[in-house]
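What follows is a short report on a single structure.
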Amino acid sequence: MLRQSSATLTIRASRPGLHEFTAEVREFVGSGGVSEGLLTLFCRHTSASLLIQENAAPAARRDLETYFARVAPEGGPYEHDDEGPDDMPAHLRSALTATQLSIPLQGGRLALGTWQGIFLFEHRKGTPERSIAVHLIGE
Amino acid sequence: MLRQSSATLTIRASRPGLHEFTAEVREFVGSGGVSEGLLTLFCRHTSASLLIQENAAPAARRDLETYFARVAPEGGPYEHDDEGPDDMPAHLRSALTATQLSIPLQGGRLALGTWQGIFLFEHRKGTPERSIAVHLIGE
Amino acid sequence: MLRQSSATLTIRASRPGLHEFTAEVREFVGSGGVSEGLLTLFCRHTSASLLIQENAAPAARRDLETYFARVAPEGGPYEHDDEGPDDMPAHLRSALTATQLSIPLQGGRLALGTWQGIFLFEHRKGTPERSIAVHLIGE
């Protein structure tokens, strides 16, 4: 019998960069009583985003952060800087990555590959937590 | 009781750039009789794309348009230019942003953050409207 | 009556670049007995990704490959190169494109536009096949 559930996860992001929250997602999935289905994560912000990436190598995370800091740099010049120099680069880095991710659930487990983790990509300073809407459908 | 519905939205995009269509999506959601679920939008084109972005500041929209015009410029050089100089940049800008977005529906409302709007990102000139496939599942 | 099914597709990618697998996805959809619903594809790797793109023009594919090779080049410099010079660029190109795609199913057909194909974007050398988790829900 198909059913669904939803929630809002609050993820702490004490500094800009990649913050893994695979464990929080697994905890939500584990509580849902669903073993086959589809999980969706939606970042409720335009200055933070989602990324599935390598969860083993901290150097890969640092290279990702460096790369996006370079291709969408502070000091653009940008017309929009209402909230400071990290405002517009945050929107650009969000646009280049993902606001939403859906992951199949198979045999009670997220269908993540061996080295895949789920990350919040925080693009701003001084935003201590972020809100991720979560939806699960399955049986 | 779970149910689903689908439709095709036609979005007018009289000029290249970002066109908000959050209101059209809300209208479809409002007619579906579903208050908890998952909404999916799919852009049926390879030279236009979807973006969740800041809906309050026109300057942020202009900066986004300027940025993608710079990182995937006309006059590449590109091998593919069957339909003119804005042909290949349109494919690149689509590849860098999103073809599809799914948004949870909670308490009868899309789980968008306060400042989030849903945009069609038109990358070509002379394409007066675009077709977005919409799917809603929930209860 | 809503129902769901899932599978894992194995896609051969003998060389880096774009590999269309629309036919394999259609075959899975055709076997599911579902004509209205939502199909989700999830790439179980951090060095390959998914892309909906032009399926008619090989030149557009070559331009896409050239573009991503240029914006996320080998020889960065990168801190992370455990698996060689194509390791970190593969993660960056994955981050810039899509790990997951959902496509509505309408009237028994994927809601793809006329020129849209589904591609695996292989970013590494020497990875002969890739694993794509697939989920279908509908009726």
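The values are calculated or read from the model by the stated rules, or taken from the named source; none is laboratory data. Treat the numbers as computed from the prediction; the structure is a model and nothing was measured. As a convention, Cβ positions derive from the backbone with ideal geometry for all residues, glycine included, and neighbour counts pool all protein chains shown. These area figures cover heavy atoms from the full protein model, side chains too; ligands, DNA and RNA do not enter into them. Shrake-Rupley method; radii C 1.70, N 1.55, O 1.52, S 1.80 Å.
Let's see how each residue does on (1) modelled with pLDDT under 95; (2) more than 28 Å from C:Gly107 (Cα to Cα):
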residue	(1), (2)
C:Val25	no, no
C:Gly33	yes, no
C:Phe68	no, yes
C:Ala72	no, yes
Point to revise | Per-region count, the stretch C:10-54, residues out of contact with any strand residue (DSSP E or B) (no Cβ under 6 Å at 6 or more places or on another chain) and without any contact (Cβ under 8 Å) to a residue 60 or more places away in the chain | key: 5
Revision key, fill the gap. Restricted to the stretch B:103-138 and to residues being within 11 Å of the chain's Cα centre (by Cα) and small (Gly, Ala, Ser), the residue most open to solvent (accessible area, probe 1.4 Å) is B:Ser131
Revision key, fill the gap. A careful count of residues in the stretch B:85-94 that are under 13 Å from the mean Cα position of the chain (by Cα) and surrounded by fewer than 23 Cβ atoms within 10 Å (Cβ to Cβ) gives 0
Revision key, fill the gap. When every residue in the stretch A:83-95 that is outside any loop (DSSP other than H, G, I, E, B) and of a type in the set (D, E, K, R) is compared, the one nearest to C:Pro73 (Cα to Cα) is A:Arg93
Review point. Which residues, counting only those in the stretch C:110-123, are farther than 16 Å from C:Thr10 by Cβ and not aromatic (Phe, Trp, Tyr)?
Key: C:Leu110, C:Ala111, C:Leu112, C:Gly113, C:Thr114, C:Gln116, C:Gly117, C:His123
Check your understanding: From the residues in the stretch A:43-58 that are at pLDDT below 95 and hydrophobic (A, V, I, L, M, F, W, C), which one is surrounded by the fewest Cβ atoms within 10 Å (Cβ to Cβ)?
Key -> A:Ala56
Exercise for review: Quick one: which residue in C:Thr22, C:Thr40 is open to solvent by less than 10 Å² (accessible area, probe 1.4 Å), under 16 Å from B:Arg44 (Cβ atoms), within 14 Å of the chain's Cα centre (by Cα) and of a type outside the set (Lys, Arg)?
Suggested key: C:Thr22
Review point. Does the stretch C:97-105 contain at least one residue that is over 24 Å from B:Ile137 (Cα atoms) and modelled with pLDDT of 95 or more?
Key: yes
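Residues are listed down the side, and each one gets a yes or a no for (1) within 12 Å of chain C (Cβ to nearest Cβ); (2) touching a helix residue (DSSP H, G or I) at 6+ places or on another chain (Cβ under 9 Å); (3) under 27 Å from B:Phe121 (Cβ atoms); (4) among the acidic types (Asp, Glu):
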position	(1), (2), (3), (4)
A:Pro89	no, yes, yes, no
A:Ala95	yes, yes, yes, no
A:Gln100	yes, no, yes, no
A:Thr114	yes, no, no, no
A:Phe121	yes, yes, yes, no
A:Gly126	no, no, no, no
A:Glu129	no, no, no, yes
Review point. Hey, any hits in the stretch C:74-82 for a residue that's open to solvent by 10 Å² or more (accessible area, probe 1.4 Å), among the small types (Gly, Ala, Ser), more than 10 Å from every other protein chain (Cβ to nearest Cβ) and in a loop (DSSP other than H, G, I, E, B)?
Key: yes
